[in-house]
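The values are calculated or read from the model by the stated rules, or taken from the named source; none is laboratory data. As the structure is a computational prediction, the values presented were derived from the model and not from experiment. Virtual Cβ from ideal backbone geometry, glycine too; neighbours counted across all protein chains shown. With ligands, DNA and RNA removed, areas are computed over all heavy atoms of the protein, side chains included. Shrake-Rupley method; radii C 1.70, N 1.55, O 1.52, S 1.80 Å.
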Amino acid sequence: MKVLVTGAAGFIGFHTARALLDRGDSVVGIDNLNAYYDVRLKDARLAELDGRNGFRFAKIDIADRAAMAELFATERFDTVVHLAAQAGVRYSIENPQAYLDCNLQGFLNILEGCRNNPVAHCVFASSSSVYGGNTRMPFSERDGVDHPLSLYAATKKSNELMAHTYAHLYGIPLTGLRFFTVYGPWGRPDMAPYKFTKNILEGKPIDVYNHGHHARDFTYIDDIVEGVVRTLDMTATPDPEWSSDAPRADTSSAPYRIYNIGNHTPVPLSTFIALIEQATGKTAIRNLLPAQPGDVPATYADVDALTKAVGFKPSIPLDVGIRRFVEWYRAFYKV
């Protein structure tokens with residue numbers, strides 16, 4: 001099977017491309033290698049994929065309409081895993097235009113590619129951030145998500161709406177996965193596991209927002225990737241029980257699905273920090289701060305739908321996952 005993986009130099013994209021190659025798929029990876037975080041980490045991920053049988057990389061910005069149209073027309077993909085995005089809740093407050101360019105225009109180019117060069121299935125990344133102001137736990141795909149707290153969340157909700165429209169109009173099978181706080185080796189430097197580990201090892205203070213009262217549904221990267229690949233293999237189909245009189249948000253009369261993909265176990269930030277301290281053998285210097293604009297106080301994934309659909313069941317305990325991340329960090333940065 002020939003698979004397009006967008007964001008192949010990114011955290012989840014890299015791991016997904018590697019998993020697909022491991023099972024014998026042909027992968028074309030694209031990424032614009034922007035400087036949102038250290039490009040050397042992206043280059044190092046690509047170096048792990050370079051030379052693998054069946055892998056080819058192209059530096060392409062998904063917001064480049066002409067380049068994306070040419071890519072789809074030339075390659076004729078069987079399936080697509082769309083993971084490229086401008087990520088980060090806080091950065092969306094500082095640089096909103098980047099989110100419109102990448103997450104909206106870029107996603108439109110993906111959808112147009114799938115329309116003009118039909119694919120069997122496209123799986124795309126959404127985010128737990130879409131739950132925004134929701135407080136009922138655990139977060140369910142059946143709940144409304146009309147109160148985003150950041151522009152990043154709004155763009156991800158927009159992606160879901162755009163996908164449904166294309167599934168309805170053109171019959172393109174599309175599945176959105178709402179990721180819940182993914183962590184693990186090769187993780188992003190802008191996320192808490194990386195920042196905390198770095199500063200703790202260097203003896204620097206860590207910024208702990210909301211005075212440590214946040215809770216997150218931390219999900220290990222290997223569990224996430226297994227869920228992504230299983231979902232890719234299960235093509236979205238119309239829901240025969242869907243009713244316009246009582247419409248569900250996660251299914252449709254079109255070939256469209258939305259799933260949470262998380263660990264179903266929210267963990268207080270204070271506990272998470274303690275596990276990093278344990279793994280590093282060092283004590284954190286905590287700089288307690290108020291909550292930041294756009295932050296969601298807690299995330300907690302109801303994953304029953306994905307479990308029922310593809311047998312998704314996270315298996316990596318948090319202490320094991322953190323230990324693996326810290327081991328990777330020490331080896332990669334030689335500390």
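Data table
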{"read-out": "Proximal lysine pairs, the chain, alpha carbons under 27 Å, eight or more residues apart or interchain", "value": "27"}
{"read-out": "Percent of Cα pairs exceeding the 26 Å cut-off, where the set is the range 62-212", "value": "35 percent"}
{"read-out": "Backbone HN-Hα couplings from phi across the range 15-27 [Karplus 6.51/-1.76/1.60, Hz, Gly and Pro as x]", "value": "5, 5, 4, 5, 5, 5, 5, 4, 9, x, 6, 8, 10"}
{"read-out": "Integer Hz, Karplus 6.51/-1.76/1.60 couplings in order for the range 224-238, x for Gly and Pro", "value": "4, 5, 4, x, 4, 5, 4, 5, 4, 6, 10, 4, 4, 10, x"}
{"read-out": "Compactness relative to 2.2 N^0.38 Å, alpha carbon Rg of the range 236-283", "value": "2.11"}
{"read-out": "Nonlocal amide H pairs with residue 182, under 5 Å, H built at 1.01 Å", "value": "219"}
{"read-out": "In sequence order, calculated HN-Hα J values of the range 263-279 (Karplus, 6.51, -1.76, 1.60; Hz; x Gly/Pro)", "value": "9, 6, 8, x, 10, x, 4, 4, 5, 4, 5, 4, 5, 5, 4, 5, 6"}
{"read-out": "Relative packing of peptides 107-119, 317-329 - highest average C-beta neighbours within 10 Å first", "value": "107-119, 317-329"}
{"read-out": "Per-residue [θ]222 nm for the chain (sum of -39500 (n - 2.57) over DSSP H runs n ≥ 4, rounded to 500)", "value": "-12000 deg cm²/dmol"}
{"read-out": "Between 0 and 90°, nearest 10: helix 318-333 axis offset from the chain longest Cα axis", "value": "80 degrees"}
{"read-out": "Segments 298-310, 64-76 sorted - mean Cβ within 10 Å per residue, highest first", "value": "298-310, 64-76"}
{"read-out": "Cβ charges +1 (Lys, Arg) and -1 (Asp, Glu), total dipole of the range 252-314, debye", "value": "140 debye"}
{"read-out": "Amide H within-cut-off set for residue 55, under 5 Å, with H built and near neighbours excluded", "value": "27"}
{"read-out": "Relative contact order [Cα under 8 Å, 6+ residues apart], the chain, whole percent", "value": "18 percent"}
{"read-out": "Fraction of accessible area attributable to carbon and sulfur, the chain (%, probe 1.4 Å)", "value": "51 percent"}
{"read-out": "Accessible area expressed per residue, the range 2-139, with surrounding protein chains retained (probe 1.4 Å, Å²)", "value": "40 Å²"}
{"read-out": "Amide hydrogen neighbours beyond the local backbone of residue 216, cut-off 5 Å, H modeled", "value": "267, 269, 299"}
{"read-out": "For the range 189-335: rounded, prolate or oblate by the Cα gyration tensor [a/c cutoff 1.5]", "value": "prolate"}
{"read-out": "GluC sites (Glu not before Pro) restricted to the range 219-298 and DSSP loop, no more than 16 other C-beta within 10 Å", "value": "241"}
{"read-out": "Cα-based shape type of the range 48-121, given that a ≥ b ≥ c are square roots of the gyration tensor eigenvalues and the cut on a/c is 1.5", "value": "oblate"}
